[in-house]
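The values are calculated or read from the model by the stated rules, or taken from the named source; none is laboratory data. The structure presented is a predicted model; accordingly, all values stated were derived computationally and were not measured. Cβ sites come from the backbone with ideal geometry, for glycine too, and all protein chains shown count toward neighbours. Accessible surface is based on the protein model in full, side chains and every heavy atom, while ligands, DNA and RNA are left aside. Shrake-Rupley method; radii C 1.70, N 1.55, O 1.52, S 1.80 Å.
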Amino acid sequence: MLQMVVCVKQVPDTAEVRINPRTNTLVRAGVPAILNPYDAHAVEAAVQLKEKYGGQVTALSMGPPQAEEVLRRALGMGADRAILLSDRAFAGSDTLATSYILAAAIRAIDRETPVDLVFCGKQAIDGDTAQVGPGIAARLGFTQLTYVMAIDGVDLEKRQIQVQRKLEDKREVIRGRLPALLTVVKDLNELRYASLPALIRAARATITTWSKDDLDLDPASIGLKGSPTSVRRIFAPPARPGGELIPGEPRQAAAILVAKLVQTKIIADK
Amino acid sequence: MAGEPAPVSWELLGAGRQLAGALKVELAGVLLGQGVEGLANEAWAYGADRVYLVEDPVLGPYRTAPYARALVELVQRYRPEILLLGATSMGRDLSGAVATALGTGLTADCTALNIDPATRLLEQTRPAFGGNVMATILCQRHRPQMATVRPRVMPLPPRQEGRQGELVRVGIDLKEEEALATVLEVIEEKGKAVYLDRAEIVVAGGRGLGSRENLRLLEELAGVLGGTLGASRAAVEAGWLPPEYQVGQTGITVRPKVYFAIGISGAIQHLVGMQNADVIVAINKDPEAPIFKVATYGIVGDFLEVVPALTEEFRRQLAARST
Ligand SMILES: Cc1cc2nc3c(=O)[nH]c(=O)nc-3n(C[C@H](O)[C@H](O)[C@H](O)COP(=O)(O)OP(=O)(O)OC[C@H]3O[C@@H](n4cnc5c(N)ncnc54)[C@H](O)[C@@H]3O)c2cc1C
Ligand SMILES: Nc1ncnc2c1ncn2[C@@H]1O[C@H](COP(=O)(O)O)[C@@H](O)[C@H]1O
């Protein structure tokens, strides 16, 4: 039996976010909100472990009330229950404050039934920070296993998990003690399609909501106040000065270009 | 900066040197590992005034817990204003744990770092929302100000042979049981674009290639130039090249002397990974393609004609020059 928590975040589909160059503010209107793609793989991983070893999967999200949507998606994929952490006091939390709040919620879950595994996505595509997972692991003192691309197995007796981590130019096989926190990459698994009954169950499920008063929190450590980082300004990415179009038929153009590159010795002789 | 040195460590020393200069403070490097003392010479050569060295068998293979503990203790003892790490997998794994333990702010994947002379604050600039937006982040009241920087974003500083500095050995009481994990095996992934981020010439293809077969034309060009192949995400998603070849926001950042963008439109997520190239050559049949806005040289045309012509011209002109 494994007690598992999956942290899922609702994010704007970043392909659609633009900046208004006049006002330097984000144009988010009409941008669809989605389940962070890596988190979907985290849910899938937990559900697969539940199928293999038995246990329970809790999907956990901090966000505005609309974030319920991504929790329902997780339920449709096989999570057993969902908890939404929602409070105005959480607004403006950076990664340090976010991991503080999520860790407090995991502690509360742990008090009911001890938690063996926490899953996060490798990173959230809105900020791409990859900091919340390690932050939660550090606060809970869980074994931290990031960039997990395969789960080889869990030894419930010895309380160990063996995984493979995806690093730049290598793969690492590592065994960690439970409880552990895993951040996962997309190679880990193929997502399943939610079945119709599962979708109906997910749509009807009640989602537990916890506010700041349901958790043991220091008010100075949440929201804007609890966030050491702040955004000074946002702006459109600077454009690199454009250059020279080389005219002519392919052969001519190629000859001119090559002459330029060879003359300036940018391309040296081999 | 741990164990086997990732080249980004030296790039960080270059960036750190400038920040230290602006703040009029010293620049220190940190070496954690086992049998890594020899690297102190490298750190001095690349600009460190001082090196903190923690050698311990527990730090042999990288595990988060002992590395984080060692770095946290160093920070608490020596109180740096700024702490920089490489945004490699290991660097990001470690920085998140360390920033949390220190209760300070951390800005990931910075592409520019500057000191505001009035406030002495570190201005940390990074792409957000998939590269569509840049944000400058401050960490006003907590220390150290922590940032990770992607490999190849900052230039490698010149190596000053024989430059010496101070070595500070620090003993930290680490226990194997507290490592929480055991590395059983490390499997090198052979045949991958491991050196793409260090390549001097990158020949990259996008969706415009149309098929895997057409990659051959790029391979021939790369072959003549001694270059390395690269890809846009669209080319990777089409299955023409494996993910390790992807350049951009969710791929590798490159900083070659010459970057050929062939059949690549120039989406912002691609540009953030290659716009630090010294020279960008774009080949695209669409004169309106955004890649031409960043290209040093552009040729509007069908790559099926342009690329073989380039390969042949390079062959001819390089041969002519060497005789
Ligand atoms: C969060 C996020 C992260 C992303 N990360 C990355 C990333 O890391 N790297 C990345 O590359 N993308 C990334 N993308 C995707 C990116 O937005 C673009 O979709 C992608 O870069 C497009 O690839 P492309 O230029 O090859 O294809 P397209 O945009 O389809 O461009 C193909 C080009 O080929 C040209 N062409 C067609 N036929 C020919 C021909 N015969 N000869 C010459 N030219 C021809 C066309 O004119 C066109 O300009 C990301 C997107 C998101 C939302
Ligand atoms: N508000 C949130 N609610 C739930 N999980 C989150 C939240 N923010 C981050 N996470 C988790 O932390 C991972 C990394 O996020 P980030 O550090 O923001 O890149 C995500 O993939 C989620 O699993």
Among B:217, B:221, B:229, the single one that is away from ligand 1 (no atom under 11 Å from the Cβ) and either within 11 Å of chain A (Cβ to nearest Cβ) or not in a strand (DSSP E or B) (or both) is B:221
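Being free of Cβ contacts under 8 Å to residues at least 12 places away in the same chain, among the basic types (Lys, Arg) and either touching a strand residue (DSSP E or B) at 6+ places or on another chain (Cβ under 9 Å) or surrounded by 22 or more Cβ atoms within 10 Å (Cβ to Cβ) (or both) narrows it down to one of A:122, A:170, A:166, so name that one.
Only one candidate qualifies: A:170.
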Any chance the stretch A:69-83 includes a residue that's in contact with a Cys (Cβ under 6 Å, 6 or more places away or on another chain), more than 14 Å from every other protein chain (Cβ to nearest Cβ) and buried (at least 24 other Cβ atoms within 10 Å of the Cβ)?
no
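Of the residues that sit in the stretch A:18-48 and are part of a loop (DSSP other than H, G, I, E, B), touching a residue at least 40 places away in the same chain (Cβ under 8 Å) and over 25 Å from residue A:85 (Cα atoms), which one is least open to solvent (accessible area, probe 1.4 Å)? Can you show your working first?
As a first pass, look at the stretch A:18-48 and keep what is part of a loop (DSSP other than H, G, I, E, B): A:21-24, A:28-32, A:36.
This time we only want the ones that are touching a residue at least 40 places away in the same chain (Cβ under 8 Å), so: A:21, A:24, A:36.
Okay, now just the ones that are also over 25 Å from residue A:85 (Cα atoms), so A:21, A:24.
Working: A:21: 105, A:24: 61 Å².
My answer is A:24.
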| Is it fair to say residue A:59 is open to solvent by less than 10 Å² (accessible area, probe 1.4 Å), more than 16 Å from ligand 1 (Cβ to nearest atom), more than 14 Å from chain B (Cβ to nearest Cβ) and modelled with pLDDT of 95 or more? | yes
Problem set entry | Residue match in the stretch B:110-123 (condition: more than 17 Å from the chain's Cα centre (by Cα) and within 16 Å of ligand 2 (Cβ to nearest atom)) | no
Going through (1) closer than 26 Å to residue B:117 by Cβ; (2) in a loop (DSSP other than H, G, I, E, B); (3) in contact (Cβ under 8 Å) with a residue 40 or more places away in the chain; (4) open to solvent by 10 Å² or more (accessible area, probe 1.4 Å) one by one, residue B:6 fails only at (1)
**Request:** Answer yes or no: is there a residue in the stretch B:283-298 that is open to solvent by 20 Å² or more (accessible area, probe 1.4 Å), among the hydrophobic types (A, V, I, L, M, F, W, C) and more than 16 Å from ligand 2 (Cβ to nearest atom).
**Result:** yes
By residue number, the members of the stretch B:87-109 that are among the charged types (D, E, K, R) and either more than 14 Å from ligand 2 (Cβ to nearest atom) or assigned to a helix (DSSP H, G or I) (or both) are B:92, B:93
Over the stretch B:134-152, the set of residues buried (at least 23 other Cβ atoms within 10 Å of the Cβ) and not basic (Lys, Arg) is B:137, B:139, B:145, B:146, B:147, B:148, B:149
Picking from A:94, A:126, the residue that is within 16 Å of ligand 1 (Cβ to nearest atom) and within 9 Å of another protein chain (Cβ to nearest Cβ) would be A:126
Out of (1) assigned to a loop (DSSP other than H, G, I, E, B); (2) of a type in the set (A, V, I, L, M); (3) at pLDDT 95 or above, the one residue B:254 does not meet is (3)
Discussion item. Against the definition (over 24 Å from residue B:180 (Cα atoms) and out of contact with any Gly (no Cβ under 7 Å at 6 or more places or on another chain)), how does residue B:26 come out, yes or no?
Written reply: yes
*Would you check if there is a residue in the stretch B:188-211 being in a strand (DSSP E or B) and surrounded by fewer than 18 Cβ atoms within 10 Å (Cβ to Cβ)?*
yes
With the first residue restricted to the stretch B:24-47 and required to be more than 13 Å from residue B:12 (Cα to Cα) and open to solvent by 20 Å² or more (accessible area, probe 1.4 Å), and the second required to be modelled with pLDDT of 95 or more and acidic (Asp, Glu), Cβ contacts under 8 Å at 6 or more apart or on different chains are B:25/B:81; B:26/B:49; B:34/B:55; B:34/B:56; B:35/B:55; B:37/B:55
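Which of the residues spanning the stretch A:237-259 are at the interface with chain B (Cβ under 7 Å from one of its Cβ atoms), modelled with pLDDT of 85 or more and surrounded by fewer than 17 Cβ atoms within 10 Å (Cβ to Cβ)?
Kept after step one, since they are at the interface with chain B (Cβ under 7 Å from one of its Cβ atoms), are these residues of the stretch A:237-259: A:237, A:239-240, A:242-246, A:250-251, A:253-255, A:257-259.
Imposing the further condition that a residue be modelled with pLDDT of 85 or more reduces the set to A:244-246, A:250-251, A:253-255, A:257-259.
Within the stretch A:237-259, A:244, A:245, A:251, A:259 qualify.
So which residues in the stretch B:302-316 are aliphatic (A, V, I, L, M) and farther than 12 Å from residue B:220 by Cβ, if there are any at all? Can you show your working first?
Keep residues of the stretch B:302-316 that are aliphatic (A, V, I, L, M), which gives B:304, B:306-307, B:309-310.
Those that are aliphatic (A, V, I, L, M) and farther than 12 Å from residue B:220 by Cβ: B:304, B:306.
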The residue that is farthest from the other protein chains (Cβ to nearest Cβ), considering only those in the stretch A:10-22 that are touching a helix residue (DSSP H, G or I) at 6+ places or on another chain (Cβ under 6 Å) and within 13 Å of ligand 2 (Cβ to nearest atom), is A:10
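For residues that are open to solvent by 20 Å² or more (accessible area, probe 1.4 Å) and at pLDDT 95 or above, scanning just the stretch A:173-189, find the one that is nearest to residue A:107 (Cα to Cα).
Here the residue is A:179.
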